[in-house]
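Here is the structure we will look at.
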Amino acid sequence: MASATYVGRLAPSPTGALHLGNVRTFMIAWLRARSLGGRVVMRMEDLDHPRDKAGADAAAVADLRWLGFDWDEEYVQSKRKDLYREAISRLESAGLAYPCVCSRSDVEAAQSAPHEGEQLFYPGTCRGRFGSWEAAAKAIAPRVPCWRFRTPEGAAGDVEFDDIFAGRFGQCVPRTLGDFPLARDEGGAGYTLAVVVDDAAMGVTEVVRGGDLLAATPAQILLQRALGLPTPNYCHVPLVVGPDGRRLAKRHGDTRVCAYRERGVAPERIIGMLAASCGWCAEGESHSLSSLIPRFTLATIPHAPFTILSGSRFFAP
Ligand code: GLU
């Protein structure tokens, strides 16, 4: 029986062209929602200014539509800054957000062990250091402080949850990330804060996204708790990787949707190839996205990352 209450989301970042890795994750997210009779929210995550590329947002939307995706609501994060600012002031009033004047190299220098991934451990250098944002801003002008979240002491910092695909996952956030950043400047918002505020505001009941974000989830859950927001279900699915086992990138050949499209490849072939990688059909079959709704199941998706041998090898004419 269809559930009218399921709300899922597609959350592209306009940092480059949509490629097969993004499409596979979005395909799983979209089919999961539609097979449960749910709604789909499309949210453009365009807050990462140094990495965002002009025009990549419209191009991603065009590629998604061409592939057969649709959605019920559409949002753009850069137009929602008031909501993020309001969340920061609520956290600040509760003593849970503080200004930090450390630069990235200060934080890098404070690492006690080499750190994998992008998130650095922050040892709390500026915790309790400044009485107000203005005082911190004055101390490092013309540089601008960032906002950090005061992670809880003791057991409250240990977060465990049951991921629908990846299983039980736990992390002690204060020891893994420390007081993670909320915003790069006074009013902006970083990824963690924006995702938490938006998932709640948009009524998202389940987050289906790439497995690279599994380890970012405990911090999001802590922030939900601090803001009194519900925690959605999580379903982290394996990434698409190149032959070297690394996340799909340019060096693995051209796997951009727009490149296939320009070469005259039908969207059904791309969707069919990715559907085969999820165990829903045989290799070489063509399928439209919506025709896969009855075939969708998480059960046949391999737990190992899907390895693409050569992006340009696919769909030879
Ligand atoms: N915008 C993020 C990305 O493209 C996904 C964020 C999320 O799903 O929470 O990697």
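The stretch between Arg51 and Asp244 holds 67.0 nm of extra length on full extension. This uses 0.36 nm per residue minus the Cα-Cα distance. Summing charges over neighbours of Arg34, with a neighbour being any other residue whose Cβ is under 14 Å away from its Cβ, gives +1 when K and R count +1 and D and E count -1. Taking GluC sites (Glu not before Pro) across segment 203-291, the ones in a DSSP loop with at most 12 further Cβ atoms lying within 10 angstrom of their Cβ are Glu283. The ellipsoid equivalent to the alpha-carbon distribution of segment 186-317 has semi-axes of 32, 18, 15 angstrom, derived from the gyration tensor eigenvalues as √(5λ) and listed largest first. Compute the Cα gyration tensor for segment 206-252, then decide on rounded, prolate or oblate, letting a ≥ b ≥ c be the square roots of its eigenvalues: rounded whenever a/c is under 1.5, prolate when a/b is larger than b/c in the other cases, and oblate in all that remain. The shape class here is prolate. Proximity of backbone amide H atoms, modeled 1.01 Å from N, is registered between Phe165 and His236 at under 5 Å, excluding neighbours fewer than 5 places apart on the same chain. Please work out whether segment 4-90 counts as rounded, prolate or oblate from its C-alpha gyration tensor, where a ≥ b ≥ c are the square roots of the eigenvalues and a/c under 1.5 means rounded, while otherwise a/b larger than b/c means prolate and anything else oblate? Oblate is the answer for segment 4-90, as a/c is 1.5 or above yet b/c matches or exceeds a/b. Neighbours of Ile164 by Cβ distance under 14 Å: Lys/Arg scored +1, Asp/Glu scored -1, total 0.
Label segment 160-235 by shape, choosing from rounded, prolate and oblate, from the square roots a ≥ b ≥ c of the eigenvalues of the Cα gyration tensor; if a/c is under 1.5 it is rounded, and otherwise prolate applies when a/b is larger than b/c, oblate when it is not. It is oblate, given that a/c is not under 1.5 and a/b is not larger than b/c. Across the chain, Cα-Cα pairs more than 25 Å apart make up 53 percent of the total.
Annotation: lysines with alpha-carbon distance below 16 angstrom to Lys250 (same-chain offsets under eight excluded): Lys53. Karplus-based coupling profile of segment 141-146, in residue order and whole Hz: 3, x, 5, 10, x, 10, with θ = phi - 60° in 6.51 cos²θ - 1.76 cosθ + 1.60 and x standing for Gly or Pro. Ignoring aspartates and glutamates fewer than eight residues from Lys138 along the same chain, the ones with Cα atoms less than 20 angstrom from its Cα are Glu92, Asp106, Asp185, Glu186. Among Asp46, Asp63, Asp72, sorting on how many other beta-carbon atoms sit within 10 Å of each Cβ, with the fewest leading, yields Asp72, Asp46, Asp63.
Readers should treat all values here as calculations from the given coordinates under stated rules, not as data from a laboratory. None of these values were measured; they are calculated from a predicted model. Glycine gets a Cβ as well: all are built from the backbone with ideal geometry, and neighbour counts include every protein chain shown.
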